[in-house]
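Trainee: Structure in structure tokens, see below.
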Amino acid sequence: MPRTNIRLGRTGKEKVAVDLVYTYNPYPCVMIMENPLTRGALARQANVHSETIRFYEQKGLLIPPARSAANYRKYSSDVVSRVRFIKRAQELGFTLAEISDLLALRAKPDGENLRVKRLAHEKLSVIKKKIQDLQRMKRALTELSEACDGRGSVANCPIIAAMEGHL
């Protein structure tokens, strides 16, 4: 759950805010990890590359985990479902910023579903627009391809002429 931490400093006898830090903690309670996962094990279980895990950490989608005495990262097993969620959302076309919003909504299971539906509807609108653009491009290329017999020099190619703006 998102929260704001204020670091306090002292000037004389009073406390003053010296730094405002925004943090996101998807794990509001302390977790005891029976079988912590390394980055590689997490990546294998989530079916992603280990660099994907590092990337998600850099983008703030995963909180960097605690480290073992040997300085290995120790991920809890529930991070696997979070990584799978992120990856699936990417496959559906959501941006990392949108995924961050979805993760925040996911962290509040009792929250309103309307925001999730709105995000999905907005994404669907973008996808429909892309499909229309792709269909228009397909029609144009089909017409150009049919107009070209593939013989002769490039100087007489209707595809090249159309790209140069001559048709």
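Trainee: Return the carbon/sulfur percentage of the accessible area of the range 74-167, one whole number, probe 1.4 Å, all protein chains in place.
Mentor: Working: 3820 of 6960 Å².
Heavy-atom surface of the range 74-167 belonging to carbon and sulfur, 1.4 Å probe: 55 percent.
Trainee: Need one value: the accessible area of V116 in square angstrom, 1.4 angstrom probe, rounded to the nearest 10.
Mentor: Roughly 50 Å² of V116 is accessible to a 1.4 Å probe.
Trainee: Per 0.36 nm of contour for each residue apart, how much would the distance between R115 and F55 grow if the chain were fully extended, relative to their Cα-Cα spacing?
Mentor: Additional length available on full extension: 19.0 nm.
Trainee: Under a 1.4 Å probe, what is the accessible area of the range 67-155 per residue, stated in Å²?
Mentor: Accessible area per residue: 75 Å².
Trainee: Hey, another quick one. Given the pairs K59/K129; K74/K117; K74/K128, which are separated by over 32 angstrom at their Cα positions?
Mentor: Checking Cα-Cα distances, K74/K117; K74/K128 exceed 32 Å.
Trainee: Report the gain in length on full extension from S125 to M163: 0.36 nm times residue separation, minus Cα-Cα distance, nm rounded to one decimal. Mind dumping the intermediate values first?
Mentor: Numbers: separation 38, 0.36 × 38 = 13.68 nm, distance 2.91 nm.
My answer for the length gained is 10.8 nm.
Trainee: Just add up the charged neighbours of R84: K/R +1, D/E -1, any other residue whose Cβ is under 14 Å from the Cβ of R84.
Mentor: Spelling it out: positives minus negatives among the neighbours equals +3.
Trainee: Of all accessible surface on the range 31-71 at a 1.4 Å probe, what whole percent is carbon and sulfur?
Mentor: Carbon with sulfur: 49 percent of the solvent-accessible area.
Trainee: Right, here's the next one. Which order do peptides 124-134, 52-62 fall in by mean Cβ count within 10 Å, highest first?
Mentor: Ranked by mean Cβ neighbours within 10 Å, highest first: 52-62, 124-134.
The values are calculated or read from the model by the stated rules, or taken from the named source; none is laboratory data. Here the structure is a predicted model, which means the values were calculated and not measured. A quick note on method: Cβ atoms are made from the backbone with ideal geometry, for glycine too, and the neighbour counts reach across all protein chains shown. Please note that ligands, DNA and RNA were not included when accessible areas were found on the heavy atoms of the full protein model with its side chains. Shrake-Rupley method; radii C 1.70, N 1.55, O 1.52, S 1.80 Å.
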